[in-house]
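K.L.:
Please see the structure below; I have some questions.
The values are calculated or read from the model by the stated rules, or taken from the named source; none is laboratory data. Note that the structure is a prediction, hence the values are computed from the model and not measured. FYI the Cβ positions are ideal-geometry reconstructions off the backbone, even for glycines, and counts take in every protein chain you see. Ligands, DNA and RNA are excluded from the accessible area calculation, which covers all protein heavy atoms including side chains. Shrake-Rupley method; radii C 1.70, N 1.55, O 1.52, S 1.80 Å.
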Amino acid sequence: MSVSDHEYLKKILLAPVYEVALNSELSAMSRLSQLIGNDVFLKREDQQPVKSFKLRGAYNRLSTLTEDELEAGVIAASAGNHAQGLAYGAKMKGVHATIVMPETTPEIKIEAVRRFGGSHVNIVLHGTNFDMASKHAQALSASQGYTFIPPFDDPDVIAGQGTVARELLEQNPNLDIVFVAIGGGGLAAGIAVYLKQLKPDIQIIGVESEESACFTAAMEAGEIVTLPSVGIFADGVAVKTMGTETFRLCSRLLDGVMTVSNDEICAAIKDIFDDTRVIAEPAGAMSVAAIKKYTAQQGIKGKKLGGILCGANINFHTLRYVSERCELGEQKEAVFAVKIPERRGAFKQFCETLGGKAITEFNYRYANDTDAHIFVGVNLKGGKQEFAALKDSLSAKEYSCFDLSDNELAKLHVRHMVGGRPPTLLNETVFTFEFPEHPGALLTFLNTLGEQWNLTLFHYRNHGAAEGLVLAGFQIPPDSREEFDVHLTQLNYEYKEVTQDPAYQFFLS
């Protein structure tokens, strides 16, 4: 399967992707450039007909098929941009394509595939996750004679994505560093194998979500590894296992890899919107998040930096989450917990200690006759340094305070639940779950766990992904914990016990 660098260069230069794809713009981000002291340019793959770069690789692979293979049809497993890219390419090529998607796929994504593919696409819903859908697609490929079109681990797909680099170098040959999001690695591999041959001194930095860093894990292990689970926010890069060929290329050609958090991604979505008025999907904003983080860490000034806006297929309702989290990602807000005396005037005195800072959130709950626990958000102008000074001033006034700005449980669930505390002590164990977003998921949960053990806490928050995030508590007598764990395994939802998390302990236990 491995292809030489020279052969990749030839494939990229001869790729017929412009039969369907656009030579997307390279937009200067003037506002961000001024903010960080570097010239930042953004490759606008949101301008493609399917709003992502995936069309390039899918169509290039289709273009290599024989007449017999085209006649037999193609198949892929995807619930995202690869499905839409292949659907559009199949329609333009006049090929019949079968797209296998999990039964949990949001209707908006199913409809997008139908719209792009029209009568040339048959959508098959199978299983409750991507792995099940992929296995079914492979089985159909074998039994029906369809050609399987992989999303990233294929030389022709990689070459198709590499056409992004061809345009990038033509549009600005003076770039110093290029930042590229990594999921399965197809885009990063294609860009790297092209740029490093024509401009060896250019630096290429791969960017992963902290919640799906399969390349980072593989580099640390010295071989490809499979992550036990991946996060669901940046779903465009939510890949557990990197491709064999993409790992071979990326591990050799990239100059480094870094990770970015969900909050940093949300801040980058806002940065892109402020400069271009385009709303990037989370994976599409990762390169900008990395540019901000990398330049701050390395103290870089006066360089020409390129990022790839690799997709803009964002669920509209995800914007609620993005808006809520972007100021934390920009370090313009801090959230923290404080214990104050339960007496008249205590709140006023606490606010005076804040020194006139704007309060963005305040949640209070009576704890006992002597103390009150409060959840506070404050607006910051000076970032972490300003918050450090604030904590010092609170300590000087003998307030007990701890920072929750990086506590995911606090930001996602607890901030919306402060005030719920049981009147008596409970033998309570608390978990986070990822619920598949389809009818019957809650009933499955209750039938599996909720009849034998008393449900003591339940909070659900959807942020527009294929899974919903749930916080749930149960009364589990010690002698039945082993049996409970068996039922957890039968449920087969991603979960994590968080009973000892300080956010839960402080406000809800």
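K.L.:
Testing residue 77 on (1) in contact with a helix residue (DSSP H, G or I) (Cβ under 7 Å, 6 or more places away or on another chain); (2) under 26 Å from residue 97 (Cα atoms); (3) at pLDDT 95 or above, one condition comes back false. Which one is that?
P.N.:
Going through (1) in contact with a helix residue (DSSP H, G or I) (Cβ under 7 Å, 6 or more places away or on another chain); (2) under 26 Å from residue 97 (Cα atoms); (3) at pLDDT 95 or above one by one, residue 77 breaks only (3).
K.L.:
With the structure loaded, tell me whether residue 63 is closer than 25 Å to residue 237 by Cβ and either open to solvent by 40 Å² or more (accessible area, probe 1.4 Å) or among the polar types (S, T, N, Q) (or both) or whether it fails that test.
P.N.:
Considered against the rule, which asks whether it is closer than 25 Å to residue 237 by Cβ and either open to solvent by 40 Å² or more (accessible area, probe 1.4 Å) or among the polar types (S, T, N, Q) (or both), residue 63 comes out as no.
K.L.:
Here's something else I'd like to know. Count, please, the residues in the stretch 196-230 that happen to be more than 20 Å from residue 151 (Cβ to Cβ), under 19 Å from the mean Cα position of the chain (by Cα) and surrounded by fewer than 19 Cβ atoms within 10 Å (Cβ to Cβ).
P.N.:
The total comes to 2.
K.L.:
Another question about this same structure. Pairs, please: C-beta under 6 Å, at least 6 apart or cross-chain, first residue within 25 Å of residue 224 (Cβ to Cβ) and in the stretch 249-273, second of a type in the set (Ser, Thr, Tyr) and surrounded by fewer than 24 Cβ atoms within 10 Å (Cβ to Cβ)?
P.N.:
Within 6 Å, the pairs are 257/216.
K.L.:
Looking at 54, 43, which one is open to solvent by less than 10 Å² (accessible area, probe 1.4 Å) and touching a residue at least 40 places away in the same chain (Cβ under 8 Å)?
P.N.:
43
K.L.:
Name the single residue that is least open to solvent (accessible area, probe 1.4 Å) among those in the stretch 231-259 being under 23 Å from residue 493 (Cα atoms) and part of a helix (DSSP H, G or I).
P.N.:
Result: 237.
K.L.:
Quick check on my filter: what residues within the stretch 268-285 are open to solvent by less than 40 Å² (accessible area, probe 1.4 Å) and part of a helix (DSSP H, G or I)?
P.N.:
Within the stretch 268-285, 268, 269, 271, 272, 275, 276, 283, 284, 285 meet the criteria.
K.L.:
Within 14 Å of residue 237 (Cβ to Cβ) and open to solvent by less than 10 Å² (accessible area, probe 1.4 Å), is that true of residue 306?
P.N.:
Against the criterion (within 14 Å of residue 237 (Cβ to Cβ) and open to solvent by less than 10 Å² (accessible area, probe 1.4 Å)), residue 306 does not qualify.
K.L.:
Please enumerate the residues belonging to the stretch 388-399 that are surrounded by 12 or more Cβ atoms within 10 Å (Cβ to Cβ) and either hydroxyl-bearing (Ser, Thr, Tyr) or modelled with pLDDT under 80 (or both).
P.N.:
Residues satisfying the conditions are 393, 399.
K.L.:
Here's something else I'd like to know. Tally time: how many residues in the stretch 473-509 are exposed (fewer than 15 other Cβ atoms within 10 Å of the Cβ), among the hydroxyl-bearing types (Ser, Thr, Tyr) and in a loop (DSSP other than H, G, I, E, B)?
P.N.:
The total comes to 1.
K.L.:
What's the total number of residues in the stretch 379-404 that are in a loop (DSSP other than H, G, I, E, B), within 34 Å of the chain's Cα centre (by Cα) and touching a residue at least 24 places away in the same chain (Cβ under 8 Å)?
P.N.:
3
K.L.:
Just the residues that are assigned to a helix (DSSP H, G or I), in contact (Cβ under 8 Å) with a residue 60 or more places away in the chain and not polar (S, T, N, Q), please, taken from the stretch 121-155.
P.N.:
Selection gives 137, 140, 155.
K.L.:
Please state which of the following conditions residue 292 fails to meet, knowing it meets all the rest: (1) closer than 30 Å to residue 324 by Cβ; (2) at pLDDT 95 or above; (3) in contact with a strand residue (DSSP E or B) (Cβ under 8 Å, 6 or more places away or on another chain).
P.N.:
(3)
K.L.:
Only one of (1) in contact (Cβ under 8 Å) with a residue 40 or more places away in the chain; (2) within 16 Å of residue 186 (Cα to Cα) fails for residue 49. Which number is that?
P.N.:
(2)
K.L.:
Does at least one position in the stretch 93-101 carry a residue that is open to solvent by 10 Å² or more (accessible area, probe 1.4 Å), more than 23 Å from residue 13 (Cβ to Cβ) and in contact with a strand residue (DSSP E or B) (Cβ under 8 Å, 6 or more places away or on another chain)?
P.N.:
yes
K.L.:
Then there's this: Condition (residue is touching a helix residue (DSSP H, G or I) at 6+ places or on another chain (Cβ under 6 Å) and in contact (Cβ under 8 Å) with a residue 24 or more places away in the chain) applied to the stretch 105-113: is it met by at least one residue?
P.N.:
Yes; the residues of the stretch 105-113 include at least one that is touching a helix residue (DSSP H, G or I) at 6+ places or on another chain (Cβ under 6 Å) and in contact (Cβ under 8 Å) with a residue 24 or more places away in the chain.
K.L.:
A further question follows. Being on the phi > 0 side of the Ramachandran plot and either open to solvent by less than 40 Å² (accessible area, probe 1.4 Å) or of a type outside the set (Gly, Ala, Ser) (or both) narrows it down to one of 349, 298, 331, so name that one.
P.N.:
331
K.L.:
Next question. Give the number of residues within the stretch 179-230 that are small (Gly, Ala, Ser), within 15 Å of residue 286 (Cα to Cα) and assigned to a loop (DSSP other than H, G, I, E, B).
P.N.:
Summing the residues that are small (Gly, Ala, Ser), within 15 Å of residue 286 (Cα to Cα) and assigned to a loop (DSSP other than H, G, I, E, B) in the stretch 179-230 gives 5.
K.L.:
Among residues belonging to the stretch 149-175 that are open to solvent by 30 Å² or more (accessible area, probe 1.4 Å) and charged (D, E, K, R), point out the one that is nearest to residue 85 (Cα to Cα).
P.N.:
Per the criteria, the residue is 153.
K.L.:
List the pairs whose first member sits in the stretch 209-220 and is free of Cβ contacts under 8 Å to residues at least 40 places away in the same chain and over 17 Å from residue 248 (Cβ atoms), whose second member is open to solvent by 70 Å² or more (accessible area, probe 1.4 Å) and outside any helix (DSSP H, G or I), and whose Cβ atoms are under 9 Å apart, counting only residues at least 6 apart or on separate chains?
P.N.:
Pairs found: none.
K.L.:
OK, next. What is the one condition in (1) modelled with pLDDT of 95 or more; (2) part of a loop (DSSP other than H, G, I, E, B); (3) not hydrophobic (A, V, I, L, M, F, W, C) that residue 163 does not satisfy?
P.N.:
Just one mismatch for residue 163, condition (2).
K.L.:
Restricting attention to the stretch 493-509, which residues are in contact with a helix residue (DSSP H, G or I) (Cβ under 9 Å, 6 or more places away or on another chain) and not charged (D, E, K, R)?
P.N.:
Answer for the stretch 493-509, where residues must be in contact with a helix residue (DSSP H, G or I) (Cβ under 9 Å, 6 or more places away or on another chain) and not charged (D, E, K, R): 493, 495, 498, 499, 502, 503, 504, 506, 507, 508.
K.L.:
Out of the helices (runs of 4 or more DSSP H) lying entirely within the stretch 1-68, which hold 1 or more residues that are modelled with pLDDT of 95 or more and of a type in the set (Val, Ile, Thr)?
P.N.:
It comes to 5-14, 30-36.
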